[in-house]
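Following: one structure in structure tokens, then a few remarks.
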Amino acid sequence: MLLALAALWGASFLFMRVSAPEFGAVALAGVRVAGAALVLVPLLAWRGELPALARHWRPILFVGITNSVIPFSCFSYAVLSITGGLASIFNAATPLFGAAIAWLWLGERLSGSRNIGLAIGFAGVFGLAWSKAGVRAGAPQADVALALLACVAGATAYGFSANFTKRRLTGVPPMAVAAGSQLAAAAVLAVPALLLWPPEMPGPAAWANMAALAVPCTGFAYILYFRLIAHVGPTNAVTVTFLIPAFAVAWGALFLQEAVTWDMVAGCAVILVGTALATGLLRLPLPARA
């Protein structure tokens, strides 16, 4: 399940990369969450968990904005100027941003290893942005800079949403959060998506890629993710983050001939090591205080 989920979420960057130029970032994000909601809401009703959605609709609406509207739009915009593989590496830094936000907002104490991990991880993020590896040929420098900022904004939104969910939605059925957040995101993006709809209707290939992005890579992936949490727990399930870049880079290289540079490999390795330390999955043998 872990490998299947990583493959699906890695493929989402491939499908965004192909369909975003025809749909545009906001329209693509809007259609994506609408398609995911069509998969998840009927399943939620079948499970008899719609009352949980009704009781907690306000925080779920906020999660829909921070966990779908903002990051989906940001990453869809980013892949207009950078490769899907590079965008996925920034996405892998999500737990890093989550740990930093937990420290700043929730007052969560960080050990020596986790502080070192934050420093290493953010150094990897800035180094990767500075190297500009994975930039699409011919992309203007200003667009590349905005794309990198969009990746950071998307990862930050994911990290904030994880902490908000932990604080406000603990005990709420996870499927209610998943389905409700996609439904809320679809409602929020409905008008912006219509206003920013491309003047020329996207072609059949773009619609097919969008459908793959919405249904298996978003709707079914959420189902798989929560099944994984039920089987191995949230701490082990979050390790899927470390596998997504490998699949995203592989799909991009295989189907779109995206180049894989040593800067990307090195930056990804630094970010993942820092993230593992910052989230406590990896610990350094630091000497204990007297």
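The values are calculated or read from the model by the stated rules, or taken from the named source; none is laboratory data. Fair warning: this is a prediction, and the values are worked out from it, not measured in the lab. Cβ: placed from backbone, ideal geometry, glycine included. Neighbour counts: every protein chain shown.
What residue, of 48, 35, is surrounded by fewer than 24 Cβ atoms within 10 Å (Cβ to Cβ), out of contact with any strand residue (DSSP E or B) (no Cβ under 9 Å at 6 or more places or on another chain) and outside any helix (DSSP H, G or I)?
Details: 35 fails: outside any helix (DSSP H, G or I).
Every option except 48 fails the conditions.
Conditions tested, residue by residue: (1) crowded, with 21+ Cβ neighbours inside 10 Å; (2) aliphatic (A, V, I, L, M); (3) under 23 Å from residue 116 (Cα atoms).
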| position | (1), (2), (3) |
| --- | --- |
| 195 | no, yes, no |
| 221 | yes, yes, no |
| 251 | yes, no, no |
| 266 | no, yes, yes |
| 274 | yes, no, yes |
| 277 | yes, yes, yes |
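In region 106-121, is there at least one residue being buried (at least 19 other Cβ atoms within 10 Å of the Cβ), farther than 18 Å from residue 238 by Cα and touching a helix residue (DSSP H, G or I) at 6+ places or on another chain (Cβ under 9 Å)? Break it down stepwise before answering.
Keep residues of region 106-121 that are buried (at least 19 other Cβ atoms within 10 Å of the Cβ), which gives 114, 117-118, 120-121.
Restricting the remaining residues to those that are farther than 18 Å from residue 238 by Cα gives 120.
Checking which are touching a helix residue (DSSP H, G or I) at 6+ places or on another chain (Cβ under 9 Å) leaves us with 120.
Among the residues of region 106-121, at least one is buried (at least 19 other Cβ atoms within 10 Å of the Cβ), farther than 18 Å from residue 238 by Cα and touching a helix residue (DSSP H, G or I) at 6+ places or on another chain (Cβ under 9 Å), which makes the answer yes.
I need the helices (runs of 4 or more DSSP H) fully contained in region 66-106, keeping only those with at least 1 residues that are of a type outside the set (D, E, K, R) and under 16 Å from residue 273 (Cβ atoms). If you could, list the steps in order and put the result at the bottom.
Values: elements: 70-78, 84-91, 94-105.
Correct list: 84-91, 94-105.
In region 74-98, the residues that are closer than 11 Å to residue 158 by Cα form Cβ pairs under 7 Å with partners that are modelled with pLDDT under 90 and not in a helix (DSSP H, G or I), at six or more places apart or across chains, as follows: 95/238; 95/279.
Does residue 170 satisfy the condition of being closer than 18 Å to residue 91 by Cα, among the polar types (S, T, N, Q) and free of Cβ contacts under 8 Å to residues at least 60 places away in the same chain? The answer is no for residue 170.
Against the condition over 18 Å from the mean Cα position of the chain (by Cα) and either among the hydrophobic types (A, V, I, L, M, F, W, C) or assigned to a helix (DSSP H, G or I) (or both), how does residue 251 come out, does it pass? So that I can check it myself, show each step before the final result.
Details: over 18 Å from the mean Cα position of the chain (by Cα): no; either among the hydrophobic types (A, V, I, L, M, F, W, C) or assigned to a helix (DSSP H, G or I) (or both): yes.
No, not satisfied.
Here residue 175 meets the list (1) more than 24 Å from residue 82 (Cα to Cα); (2) free of Cβ contacts under 8 Å to residues at least 12 places away in the same chain; (3) part of a helix (DSSP H, G or I) almost entirely, failing just condition (2). Taking each residue of region 18-31 that is surrounded by 22 or more Cβ atoms within 10 Å (Cβ to Cβ) and looking for partners that are not in a helix (DSSP H, G or I) and not β-branched (Val, Ile, Thr) with beta-carbon atoms closer than 6 Å, six or more apart or interchain, yields 20/80; 23/202; 27/196; 27/197.
Residues 210, 264: which one is touching a Ser or Thr at 6+ places or on another chain (Cβ under 6 Å), in a helix (DSSP H, G or I) and in contact (Cβ under 8 Å) with a residue 12 or more places away in the chain? Reasoning before the result, please.
Values: 264 fails: touching a Ser or Thr at 6+ places or on another chain (Cβ under 6 Å).
210 is the lone residue from the list that is touching a Ser or Thr at 6+ places or on another chain (Cβ under 6 Å), in a helix (DSSP H, G or I) and in contact (Cβ under 8 Å) with a residue 12 or more places away in the chain.
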